[in-house]
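S.K.: Sharing a structure here in structure tokens format.
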Amino acid sequence: MKIRKAYKFRLKTKPQQEQLFRQQAGCCRFVWNRALALQKNLLDAEEKVLRYVETAKLLTGWKREEGTKFLAQAQSQTLQQTLKFLDQALIEAFNKKNPKRFPRFKKKGRDTDSFRYPQGFKLDGSRIFLPKIGWVNFHKSREIEGTPRNVTVSRRGKHWHVSIQTEIK
């Protein structure tokens, strides 16, 4: 039996790294809001919502558009992960047995900023490598057991945290 376990640590960030975190979180927020607006327009026109695969194809086009070329600077897996979260939220909203509320637009400064790396990260003692950001130190308060599966970077107040999800066999 596989057991999943998460470890959360506070990051020791530099101002340049915090700026990169804010940019990455902003790109994820933009992708969420743009995809959600598209889905709402489809629902208003009484059409089927798009699933993750179709919205992921649109994402590559958004990266090439003149007004949204900044998305090309963001790590693409975190943007794809955002679309997966939106797809899951829409599935849960239309679940007839146990419906959840319809997804809402994300606002800058109100929501806690976060983004997830499903792969590409590396752990080395009390520092972690995040693609397009680099090595970031963190306060390692305990040992990490198991094989790391994904990493979520989030902001609470003025501090950034990293959650490392592991799998123990």
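S.K.: Could you tell me which of the residues PHE70, PHE105, PHE129 is touching a Gly at 6+ places or on another chain (Cβ under 9 Å) and under 15 Å from CYS28 (Cβ atoms)? Don't jump to the end; show me each part of the working.
M.R.: Numbers: PHE105 fails: touching a Gly at 6+ places or on another chain (Cβ under 9 Å); PHE129 fails: under 15 Å from CYS28 (Cβ atoms).
From the options PHE70, PHE105, PHE129, the qualifying one is PHE70.
S.K.: Quick check on my filter: what residues within the range 149-164 are under 23 Å from ILE3 (Cβ atoms) and open to solvent by 50 Å² or more (accessible area, probe 1.4 Å)?
M.R.: Hit for the range 149-164 is ARG149, nothing else.
S.K.: For the range 115-152, name all the residues that are hydroxyl-bearing (Ser, Thr, Tyr), under 16 Å from THR78 (Cα atoms) and out of contact with any His (no Cβ under 9 Å at 6 or more places or on another chain).
M.R.: Across the range 115-152, the qualifying residue is only TYR117.
S.K.: Of the numbered conditions (1) part of a strand (DSSP E or B); (2) over 18 Å from the mean Cα position of the chain (by Cα); (3) without any contact (Cβ under 8 Å) to a residue 60 or more places away in the chain, GLU167 fails exactly one; give the number of that condition.
M.R.: Result: GLU167 passes all but (3).
S.K.: Looking only at residues that are open to solvent by less than 40 Å² (accessible area, probe 1.4 Å) and of a type in the set (Val, Ile, Thr) in the range 85-136, which one is modelled with the lowest pLDDT? Let's see the steps before the verdict.
M.R.: First, pick out the residues of the range 85-136 that are open to solvent by less than 40 Å² (accessible area, probe 1.4 Å): 86-87, 89-90, 93, 103, 113, 115, 117, 121, 128, 130-131, 133-134, 136.
Those left that are additionally of a type in the set (Val, Ile, Thr): 128, 133, 136.
Numbers: ILE128: 97, ILE133: 94, VAL136: 97.
That would be ILE133.
S.K.: Can you confirm whether GLN81 is modelled with pLDDT of 95 or more, among the polar types (S, T, N, Q) and in contact with a Lys or Arg (Cβ under 6 Å, 6 or more places away or on another chain)?
M.R.: Here the answer is yes, as GLN81 does meet what is asked.
S.K.: What residue, of GLN39, GLN23, GLN81, GLN16, is buried (at least 16 other Cβ atoms within 10 Å of the Cβ), in a helix (DSSP H, G or I), out of contact with any Pro (no Cβ under 7 Å at 6 or more places or on another chain) and not aromatic (Phe, Trp, Tyr)? So that I can check it myself, show each step before the final result.
M.R.: On the way: GLN23 fails: buried (at least 16 other Cβ atoms within 10 Å of the Cβ); GLN81 fails: out of contact with any Pro (no Cβ under 7 Å at 6 or more places or on another chain); GLN16 fails: buried (at least 16 other Cβ atoms within 10 Å of the Cβ).
GLN39 is the lone residue from the list that is buried (at least 16 other Cβ atoms within 10 Å of the Cβ), in a helix (DSSP H, G or I), out of contact with any Pro (no Cβ under 7 Å at 6 or more places or on another chain) and not aromatic (Phe, Trp, Tyr).
S.K.: Something else: Name, by its number, the condition in (1) farther than 21 Å from PRO131 by Cβ; (2) in contact (Cβ under 8 Å) with a residue 60 or more places away in the chain that does not hold for ASN95.
M.R.: (2)
S.K.: Follow-up question, since we're still on this one. Would you mind stating whether GLU65 is on the phi > 0 side of the Ramachandran plot and either open to solvent by 90 Å² or more (accessible area, probe 1.4 Å) or more than 14 Å from the chain's Cα centre (by Cα) (or both)?
M.R.: No, not satisfied.
The values are calculated or read from the model by the stated rules, or taken from the named source; none is laboratory data. Because the structure is predicted, anything quoted here is derived from the model rather than measured. We place every Cβ from the backbone using ideal geometry, glycine too, and count neighbours over all the protein chains shown. For the accessible areas, the whole protein counts, side chains as well, though only heavy atoms, and no ligand, DNA or RNA atoms are used. Shrake-Rupley method; radii C 1.70, N 1.55, O 1.52, S 1.80 Å.
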